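Engineer: The structure that follows is given in the form of structure tokens.
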Amino acid sequence: MDATEISSVLKGGDLVAILALAALCVAPLIKGFHALVHGRHQRRKEFLEIWKEGSLERDDLWLEEAIRHLSGSSMSAGLIRHVAALKWPSVKLRKLAMNSRFFEFDEEQKAVVWIRRWRGIGPWLQLEMAACLIGYLVLCVIGFGSILTWSRQEGSDGGSLVFAGVIFVMVAFGSFWHFVSLSESRSAFLLVNSLSRDGLGEHMPSLEAEPSPRAS
């Protein structure tokens, strides 16, 4: 799209259609975020009412359900007890709960590890994150481009372009959300295992819980 086409879009009614579509996407996100924050405070209050001294020694089922009620995420009792024995257990447990689908607890190594072991290798994780960003940008261009093309053409064939455009935009935002999740997961992994982040190209251990030689 050159400068002339961009100018015609801004002067015409196409921009209004794009802004309306963006508003429809943003409004549910704001509402959902408000509900999420309010629900989190309520769950924390209820959790503190049931959590007593010695709760970590209770059976696995009770412990897993108690943490699930607090965080909304499922984690194994072994993982919960492991994190509870670390410094700043509350912070680390919350970080893991937000990204629990990426991790599991290795009983032999007594460490938090990636479910997909290849993510423990720095370059592979960075490649996945980069692919998510590139996919987000490309899909957004295709999606919004399709919607703009429909808004400038006449006839009954435009409906397929709108549908395709919306699908591309939805997939684009899904790709971006996966990038954010991977970034948060990497941060949680390093925090819980007391590892440093010296560079994006470094090998990130997936089994060892001790600091790497570069961190010492």
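The values are calculated or read from the model by the stated rules, or taken from the named source; none is laboratory data. Because the structure is a prediction, the values reported are computed rather than measured. Note that we place each Cβ from the backbone using ideal geometry, even for glycine, and neighbour counts take in every protein chain shown. Heavy atoms of the whole protein, side chains included, go into the accessibility calculation; ligands, DNA and RNA do not. Shrake-Rupley method; radii C 1.70, N 1.55, O 1.52, S 1.80 Å.
Engineer: If you add up the charges near Ser185, with Lys and Arg at +1 and Asp and Glu at -1, over every other residue whose beta carbon is less than 10 angstrom from its beta carbon, what do you get?
Structural biologist: Values: positive: Lys95, Arg101, Arg119, Arg186; negative: Glu184.
In short, +3.
Engineer: Further, regarding this structure: Computed over the Cα atoms of segment 44-136, what is the convex hull's projected area averaged over all directions, in nm²? Walk me through the intermediate numbers first.
Structural biologist: Working: hull surface 30.0 nm².
The directionally averaged projection comes out at 7.5 nm².
Engineer: Now a separate question. If you count only protein heavy atoms with a 1.4 Å probe, what accessible area per residue comes out for segment 113-156, rounded to a whole Å²? Can you show the working numbers first?
Structural biologist: Working: 2600 Å² over 44 residues.
Accessible surface, normalised per residue, equals 59 Å².
Engineer: Moving to a separate point now. For segment 87-172, which whole percent of the accessible surface, found with a 1.4 angstrom probe, sits on carbon and sulfur atoms?
Structural biologist: Values: 3440 of 5210 Å².
Carbon-and-sulfur percentage of accessible area, whole number: 66.
Engineer: Along the positive direction of the dipole of segment 66-144 (beta-carbon charges: Lys, Arg +1; Asp, Glu -1; about the Cα centre), which of Leu139, Ser100, Ile121 reaches farthest?
Structural biologist: Of the candidates, Ser100 comes out farthest on the positive side.
Engineer: So if each residue of separation counts as 0.36 nm, and I subtract the Cα-Cα distance between Trp177 and Arg116, what length gain in nm does that give?
Structural biologist: Details: separation 61, 0.36 × 61 = 21.96 nm, distance 1.84 nm.
Answer, rounded to one decimal: 20.1 nm.
Engineer: Turning to a different aspect of this structure: Please identify every one of the GluC sites (Glu not before Pro) in segment 95-144 that sits in a loop by DSSP and has no more than 12 other beta carbons within 10 Å of its own beta carbon. Could you put the intermediate results ahead of the total?
Structural biologist: Values: sites: Glu104, Glu107, Glu108, Glu128; in loops: Glu107, Glu108.
Sites meeting the loop and neighbour criteria: Glu107, Glu108.
Engineer: Assuming 0.36 nm per residue, please report the length gained on full extension of the stretch Gln42 to Ser73 beyond their Cα-Cα distance. Before the final figure, lay out the partial values.
Structural biologist: Numbers: separation 31, 0.36 × 31 = 11.16 nm, distance 1.55 nm.
The Gln42-Ser73 span can extend by a further 9.6 nm.
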